[in-house]
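Quick note: the coordinates plus some simple rules give every number you see, no bench work behind them. Note that this is a predicted model, so its numbers are computed, not measured. Neighbour counts are summed over all protein chains in view; Cβ atoms, including those assigned to glycine, are modelled from backbone coordinates with ideal geometry.
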Amino acid sequence: MKFVDEATIRVEAGNGGDGCVSFRREKFIPKGGPDGGDGGDGGSVYLVGDANLNTLVDFRHQRRHRAEHGRPGMGRNRTGAAGADAEVRVPLGTRVRDADTDEVMGELLEHDARLLVAAGGFHGIGNARFKSSTNRTPRQFTPGKPGERRELRLELLLLADVGLLGMPNAGKSSLIRALSSARPKVADYPFTTLYPNLGVVSVGPKRSFVVADIPGLIAGAAGGAGLGTHFLKHLARTRLLLHLVDVAPADPAMTPADAVRTLAAELEAFDPALAARERWLVLNKTDLLDAETLAERRADLVRALAWQGPVYAISAHTGAGTTELARALMDRLEALPHPLRASTAAPAAAEADWHPLD
């Protein structure tokens, strides 16, 4: 299943049923008076959060979603049946925008949470409701109101506690493989990650967190270079960022400090609030350096950036330092305020390139 995080759909609520014009006509009662009933309300369209979904791919094929129309009223004061509501299930983390106004209508963050996106039309009034002492044979009625119709833009933002960012080939996919059971593609060339990956990191009984890996960023990403802002948005819901740095870069012109500054500038350009989020430096590929060289490069990096936050040195390839990093992350996440999130249960895994959990 291909990972799809954006889709445009059309939702159409049902029209209200028309009111009825009718008069009671029975044997021995030739002029029984008005008895036209009201119509039924049109059905509404709701989006419903579903923890078992993790992609919007279904909406690439089914773009129109309609609720039922209300039935018209009938004689003998019978009210028309209301139209059935339409419930459209979407993955947790889906943000809903009106495609015409770009207004954010809401977000689905909890399983079975409902969001009204198109209200059904109000029912029409039958002529029995217009009866009065001065209007004994009313022929007035009102038609049902049309239901709302909207074009919606759905955006899926991953629900994760920790977000990984770094330059291409910094080792993000290798780290998520070392920390969790997720198995994203790993290769010795840039941009091996083309879709976000989620993994659940367990550090003990009832102690776990979700980590998100997005494709590598390059200079100009906030303006659309490379994979651009298409996946940067998936870091929006994370509580902590891990900035992976290659301490043994293949290109000597791009020093570790330059790599950190480049991505920090891209975060600032994309979203200042995201740039201000707590961020840890994680020096990767330490297995390629001896202890003395690693200590020198670590000291040079901290000095060049005037870095005040945590710094960890790991090897995602060998697993060295990853256990200590996972425990430190868990301790920090438990100390941070926990935002409203969907469910502690992990979403179901899909196939191919999209692996929330393997």
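Rounded to 0.05, the FRET efficiency of the residue 278 and residue 98 pair, given R0 = 35 Å and the Cβ-Cβ distance, is 0.60. By the equivalent-ellipsoid construction on the alpha carbon gyration tensor, segment 1-160 comes out with semi-axes of 44, 13, 11 Å, ordered largest to smallest.
Normalised by 2.2 N^0.38 Å, where N is the number of residues, the C-alpha radius of gyration of segment 239-284 stands at 1.20. Of the chymotrypsin sites (Phe, Trp or Tyr not before Pro) found in segment 1-77, those that fall in a DSSP loop while having at most 15 other beta-carbon atoms within 10 Å are 28. Considering only alpha-carbon pairs that sit under 8 angstrom and 6 or more positions apart, the relative contact order computed for segment 66-167 is 26 percent. Sorted on the mean count of surrounding Cβ atoms within 10 Å across their residues, most packed first, peptides 162-173, 70-81, 103-114 read 162-173, 70-81, 103-114.
Based on Cα contacts under 8 Å between residues 6+ apart, segment 11-81 shows a relative contact order of 47 percent.
Of all beta bridges that DSSP places with both ends in segment 25-103, some 25 percent have antiparallel geometry.
Projected over every direction and averaged, the convex hull enclosing the alpha-carbon atoms of segment 228-339 yields 7.8 nm².
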